[in-house]
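Here's the structure, in C-alpha cells; my notes come after.
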Amino acid sequence: MSLAAAYAPGSMNHAPLRAGPITLYAQLAGILRDRIVTGLWKPGDEIPTLEQLVEEFAVARVTVRQAVQILVEEGLLSSQRGRRTCVTFDPASVDAPLFSSTGSIDDDDGNSYSIKVLSLQEFDQLPAQFAGLGTPAGKYVRIRKVDGLNGSPYTVSDNYVALSLYQRFPSGSEHTIKLSRLVRDNASPPLTSAIERTSISVATYEDATHLQVAVGSPVAHVMRAFFAPNRLLVYLGVLVYRADRFAVERDVSYALAAAPGQADRTSDPRPLMSAGSATHPGRRVG
C-alpha cells in the first residue's frame, strides 16, 4: 500500500474553497473524488492524513471528515479506526454513463431497470413557468418518479402528460415502461417533433435524497417536450440526472467541413463509446 502521490501542500491546481451555496465539505469531496476517479490516487493508495488535508485546503478538521465520509459512503474510500484511509475505487466497476437521447427509448434493460412512481396528480393546466413552450393540451397528469438501474437511482423527474393521452396508456404501465415510449406509442395523432434542453446545476436536498448523492453534488437538468400536430404539447419532462450517470454525445462533423481549396475531410460516424459494449447501458430517457 503506497501513499497517494497527490499530497503536495500549496502546489495543487485547485480553486480555493469558499463558503457559498455549495458547502465546503461538498466542494472538498468533489476535489478528492476527482483525484480518485482520474487515477491520481490509485486503488490501494493511502490518502493524505487529516492534518495534511487540513493544511492543504485551509479548512477545519470537521470539514475534511465530512468530505471523506461522503467518499466512504460512495465506495471510493475505506476508513477504519486505527488504520489509514485508503482508496477502494475500482475503475472496472464503473457503470457507463446514461446518454440522453430520444432515439433510444426502445432500449430494454430487463430486470435491471426500475421505476418508482412517487406521485400521480391531475392539473387543470401546466404550471405558469412552462407557458409558451407550445399549444396547451388542456388538463395534464403529473407523474413524479425515480428511474434506477441495477438497484441505483439515476434520475428523478416530474413528467406532465396530457390527460387525454395518459388515459390511453395501458393500466399501470407508467410503473414499468419508460414514459417516452408510452407517449410515443399511444399518441394519436402521432408526434411530430420534440425538443430537449440540458443545463448543469447542483442537487437540492430533495434531489440528493432521491438520487442518493450529497447535497450540492453536480447534476444535469434536462427539460424534454414532445409535440403533436399544431405544436400541441402532449408531454413535458423535467428530469434531474446524477452527474456520474449522464453524458451527451453529439455528431459535430459539420465542423470538419472542408474549406475551399482544402482536401475533403469525411466524418467518422463511429460513436466515441462503443454501442456494442456489454457495459454500455444504452441511451435511455425516462
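Here, each number is a calculation from the coordinates, and none is a lab measurement. Fair warning: this is a prediction, and the values are worked out from it, not measured in the lab. No Cβ is skipped: glycine too gets one built from the backbone with ideal geometry, and neighbour counts run over all protein chains shown.
Sorted on the mean count of surrounding Cβ atoms within 10 Å across their residues, most packed first, peptides 31-39, 127-135 read 31-39, 127-135.
Listed values for segment 157-167 are Karplus-derived 3J(HN,Hα) couplings in whole Hz (6.51 cos²θ - 1.76 cosθ + 1.60, θ = phi - 60°), namely 8, 10, 10, 9, 10, 3, 4, 4, 7, 4, 5, and x replaces Gly and Pro. Of all lysines in the structure, the ones whose alpha carbon falls short of 22 Å from that of Lys116, not counting any fewer than 8 places away in one chain, are Lys145, Lys178. Measuring how big segment 156-227 is from its alpha-carbon positions, Rg and Dmax come out at 14.9, 43 Å. With θ taken as phi - 60° and the Karplus curve 6.51 cos²θ - 1.76 cosθ + 1.60 applied, the whole-hertz 3J(HN,Hα) list for segment 114-123 is 9, 10, 10, 7, 8, 6, 10, 8, 8, 10 Hz, x standing for glycine and proline.
Placing a pseudo-label 7 Å from each Cα along the Cα-to-Cβ vector at Thr49 and Thr176 gives an inter-label distance of 5.8 nm. On the principal axes of its alpha carbon atoms, segment 113-181 extends 38, 26, 19 Å, with the longest extent given first.
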